[in-house]
1. Could you give me the ³J(HN,Hα) list for the stretch 158-171, computed from phi with Karplus coefficients 6.51, -1.76, 1.60 and θ = phi - 60°, whole Hz, x at Gly and Pro?
2. Highest mean first, what order results for 43-50, 121-128 on Cβ atoms within 10 Å?
3. Using amide H atoms built 1.01 Å from N in the peptide plane, name the residues 5+ places from Thr81, or on other chains, whose amide H lies under 5 Å from its own.
4. Name the residue from Gly27, Cys80, Gly133 whose Cα lies farthest towards the positive end of the charge dipole of the chain, charges +1 on Cβ of Lys and Arg and -1 on Cβ of Asp and Glu.
5. What residues have an amide H closer than 5 Å to that of Ala143, excluding those fewer than 5 places away on the same chain, when H is modeled at 1.01 Å from N in the peptide plane?
6. Give me a comma-separated list of calculated 3J(HN,Hα) values for the stretch 130-146, in order, Karplus coefficients 6.51, -1.76, 1.60 applied at θ = phi - 60°, integers in Hz, x for any Gly or Pro.
7. Report the label-to-label distance for Glu12 and Leu189 in nanometres (one decimal), using points 7 Å from each Cα along the Cα→Cβ vector.
8. With an 8 Å Cα cut-off and a minimum separation of 6 or more residues, compute the relative contact order for the chain in percent.
Amino acid sequence: MQGFSFHDKPVEFAFPLKDGTYYVAHGGNSSIINYHNTNRAQQYALDLVKLNSFGTRANGLYPTELTKYAIFQDTVYSPCTGKVINAINSFPDLIPPETDRQHPAGNYVLIACDRVEILVAHLMSGSIVVNQGEFVSVNQPIAQVGNSGNTTEPHLHIHARQENSGETILDGTGVPMTFSGRFLLRNSLVY
Ligand SMILES: [Zn+2]
């Protein structure tokens, strides 16, 4: 049952996507259902995709056109009120199955909230509308979903860590997240 429980005190965030039905492709505190789990910072990370009106994440099987993925270009909203620690906006959106392993997060926004830092990654090139040092409010639009970095298809990666616990954006000590009180797992749906 490890995948369905968490030991640290979770932090409540606003769900960062609001325009449809979203699906947790990877998530939950077990490496069996969440491949991020072997990484200490990302043990509670979520990969979010969107389901279209046919209940699938894309039109066609692994299409190469990014716009065929339901989530591509969806607005990403700040999951908390806080301050932007860093925002990277210049990596290209890649055509599947091309990936960028040198820059795993691709374009990202890292926000310092109340004693935690939260990362949203694989954002669309040029879509980020907040800058380093800027204060953001919860639910404020900050970017659009893209396909930059080490990603096999357009999706939103999100994880939280303890403040100042990592040298790089992908290090640190992961913190469990809840959204409207829910701890999301692989296959969870969010409307
Ligand atoms: Zn991920």
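1. Calculated HN-Hα couplings, in order: 9, 8, 10, 9, 5, 4, 6, 9, x, 6, 10, 5, 9, 8 Hz.
2. Values: 43-50: 24.1, 121-128: 22.5.
With the highest mean Cβ count within 10 Å placed first, the list reads 43-50, 121-128.
3. Amide H neighbours of Thr81: Val138.
4. About the Cα centre, the residue reaching furthest to the positive side is Gly27.
5. Long-range HN contacts for Ala143: Val76, Val129.
6. Rounded to whole hertz, the list is 10, 10, 3, x, 7, 8, 10, 9, 4, 6, 6, x, 10, 5, 10, 5, x.
7. Taking the two extended label points, one gets 2.5 nm.
8. On the way: 535 pairs, mean separation 57.1, N = 191.
Relative contact order of the chain: 30 percent.
Bear in mind these aren't lab numbers, they're just calculated from the coordinates by the rules spelled out. Worth saying up front: this structure is predicted, and the values here are computed from it rather than measured. Because the Cβ atoms are built from the backbone with ideal geometry, glycine has one as well, and the counts that use them run over all protein chains shown.
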